[in-house]
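What follows is a short report on a single structure.
The values are calculated or read from the model by the stated rules, or taken from the named source; none is laboratory data. Every value quoted in this text rests on a predicted model; they were computed, and no experiment measured them. All Cβ positions, glycine included, derive from the backbone under ideal geometry; neighbour counts span all protein chains shown.
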Amino acid sequence: MSRILIIEDNKDLAFGLRSNLEIEGYEVIAANTGREGISQAKSFSPDLVILDLMLPEMDGFELLGAINQRLKDEVIPPFLFLTAKVEKQDIRHGMSLGADDYILKPFNHTEVLDIIRMRLDKREKLLHQGEDGATKAVVNAFDKLALPCEDGLELVAFENIVRCEADRAYCTFYLIDGRKILVSKPLKEFENILVSKHFLRIHKSTIINIKFADKYIRGKGGYLLLSDGSHVNVSARRKEELMKILKSLATNYGLALLSHELGHIIHDHSKKNISVIEAQVEADLFAAKLGFADELENFLLDQPESTEKRV
């Protein structure tokens, strides 16, 4: 139930507005002065504030600034100004202070309700966006995914998830230890966070942890053999993205293997009792086999000069 604070010195107007809002299911409290309104704003924690622009002791602008200051460490609610007349400069001034809308007196209660619903809906969306951001921050910090289970939530490390498969409104998470966790949520609920953790969607119903992909078998879309012994189909439209990733992995692996092997071939040539020339030939053959002849030249240029001259 949304909470609404009305700050209006006209008691009859405040009573009528409060009655109509309570009929609509809102929790409403009213204040007749600015000072009372500031106190109620802190204790009542409203989701929306309706305040008269012309109040005794302080006007609506001063009151808005004071409430903003009082609630500076909380989520500021939307403010709606009630006024009999307003100039353009007043509108600009109010908006600069944080006013969200103006309601002209006399007003139609249906119109007021529409404005209130719109502002509360907007606030709800903003709050959910903030919650989503906080959830992502927690997920990134702990590297775990919270999955609903019968007695609460199970926190599963991303590195232990092999794949996630969808079946209509359900998802099954397959873990490296052989367990399966069935969740009554659609795949799209998890796609963004999984992709941000280097998972890949290879089919409309399947997202995999790419580190568990052991082998790709060719075909129209082909399929992948995973570390847990399963094989999963790759859709034709997802194949191109998968190929780019696999080629990148192959290149990175090949370069790492080349660097490792050349270190042994060139720097250990004296222990193998072979000449520098023979070591270079062995290195050339190995690099050619991997398809990294150009990378070999770059590697050799980065090496410290040997006591024997290269040919």
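Below are the figures for this structure:
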quantity: Some residue of the stretch 211-230 being among the β-branched types (Val, Ile, Thr) and within 30 Å of residue 149 (Cα to Cα); calculated: no
quantity: Some residue of the stretch 191-198 being in a loop (DSSP other than H, G, I, E, B), at pLDDT below 85 and on the phi > 0 side of the Ramachandran plot; calculated: yes
quantity: First in the stretch 170-193 and free of Cβ contacts under 8 Å to residues at least 60 places away in the same chain, second anywhere and loosely packed, with under 12 Cβ neighbours inside 10 Å, Cβ under 6 Å, 6 or more apart; calculated: 170/184; 172/180; 174/180; 186/169
quantity: In the stretch 171-188, residue nearest to residue 234 (Cα to Cα) [restricted to those that are exposed (fewer than 13 other Cβ atoms within 10 Å of the Cβ) and among the charged types (D, E, K, R)]; calculated: 188
quantity: All positions within the stretch 217-240 that are surrounded by 15 or more Cβ atoms within 10 Å (Cβ to Cβ) and free of Cβ contacts under 8 Å to residues at least 40 places away in the same chain; calculated: 221, 222, 223, 224, 225, 233, 234, 235, 238, 239
quantity: Test: residue in the stretch 51-61 that is surrounded by fewer than 21 Cβ atoms within 10 Å (Cβ to Cβ) and either among the β-branched types (Val, Ile, Thr) or under 16 Å from residue 109 (Cα atoms) (or both); calculated: no
quantity: Number of the exception - residue 113 against (1) more than 30 Å from residue 82 (Cα to Cα); (2) modelled with pLDDT of 90 or more; calculated: (1)
quantity: Any chance residue 168 is closer than 19 Å to residue 153 by Cα, over 17 Å from the mean Cα position of the chain (by Cα) and surrounded by fewer than 16 Cβ atoms within 10 Å (Cβ to Cβ); calculated: no
quantity: Top-ranked residue in the stretch 201-229 [being assigned to a loop (DSSP other than H, G, I, E, B) and among the hydroxyl-bearing types (Ser, Thr, Tyr); ranked as farthest from residue 172 (Cα to Cα)]; calculated: 227
